[in-house]
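A short worksheet on the structure shown next.
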Amino acid sequence: MIVIVLTALISSKAFLDAELLNSVLDMSNITPYLGIITIIYFILGYFEYSLLYALTGSTVSKPEDIQSANTPVAILAVVGFYLSYFTMMNPTSELNLFASLFPISSPFCMPFRIMMGLASGVDVLISIAILIITILVIAKIAIKIYSNAILNYGTKMNFKDMINMYKDKQN
C-alpha cells in the first residue's frame with residue numbers, strides 16, 4: 001500500500017502540472033484523521049473479506065475448485081464497491097448513509113463520506129461497531145465450518161451441509 005501511494009505521489013509531482021491536479025482533486029480535505037480512519041477501515045475490510053474467503057475456501061477439497069467457491073465472495077466485494085461508488089454521485093442520499101453502515105460497503109464508502117464532511121463521529125463509531133460485529137460473526141461461523149470441513153473426508157460439502165454443521169451443537 002505504501003509503495004502504491006509513494007508511486008502515485010512521485011508520479012503526480014513529476015508528470016502532472018500542479019494546476020491540473022488542483023483542478024481535479026481538492027486536497028484540502030485530506031487530514032491525519034481521515035488517514036487514520038481510512039487505515040482502520042482498510043484493516044477491518046480486509047479482515048471481513050479474508051474471513052469470507054477463508055470460509056468459502058474451507059469448503060473445497062481440491063485447489064482447482066477454489067476459484068468457483070470464492071465467486072460469491074468476489075461478487076459481494078464488487079456489489080459493495082459499486083454500491084459505495086454509485087452512492088457517491090448523490091452523497092446526501094439515504095442510500096449513501098445505508099452504504100456507509102452496511103458491512104460489505106462501509107470500508108469503501110465511509111472514508112469518502114468523512115472526506116466530504118458528511119459523516120459525524122457517531123456515524124463513524126456506529127459503522128465501525130457494525131463492521132466489527134460482522135467480523136466477529138463471520139469469524140465464529142468460519143471457524144466452526146473450517147474445523148468441521150477439515151475433519152470431513154469423502155464427499156464434497158454443499159451449502160446445506162455447511163448450515164447443518166454450524167447448527168450442530170455437539171461440535
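The values are calculated or read from the model by the stated rules, or taken from the named source; none is laboratory data. It should be emphasised that the depicted structure is a prediction, and the values quoted were computed from it without experimental measurement. All Cβ positions, glycine included, derive from the backbone under ideal geometry; neighbour counts span all protein chains shown. The protein model used for the area step is the full one, side chains on, heavy atoms only, and it has no ligands, DNA or RNA in it. Shrake-Rupley method; radii C 1.70, N 1.55, O 1.52, S 1.80 Å.
Per this entry, Pro107 is not counted among residues that are within 16 Å of the chain's Cα centre (by Cα), of a type outside the set (A, V, I, L, M) and in a loop (DSSP other than H, G, I, E, B). Pairing residues of region 13-31 that are under 24 Å from Gly117 (Cα atoms) with residues that are open to solvent by less than 80 Å² (accessible area, probe 1.4 Å) and at pLDDT below 70, at Cβ distances under 9 Å and at least 6 apart in sequence or on separate chains, gives Met27/Leu21.
Considering only region 26-98, give the helices (runs of 4 or more DSSP H) lying wholly within it that have at least 3 residues that are β-branched (Val, Ile, Thr) and either under 13 Å from Cys109 (Cα atoms) or open to solvent by 80 Å² or more (accessible area, probe 1.4 Å) (or both).
Correct list: 32-57, 71-87.
Can you spot a residue in region 47-68 that is under 30 Å from Asp161 (Cβ atoms) and in contact with a Leu (Cβ under 6 Å, 6 or more places away or on another chain)? No, region 47-68 contains no residue that is under 30 Å from Asp161 (Cβ atoms) and in contact with a Leu (Cβ under 6 Å, 6 or more places away or on another chain).
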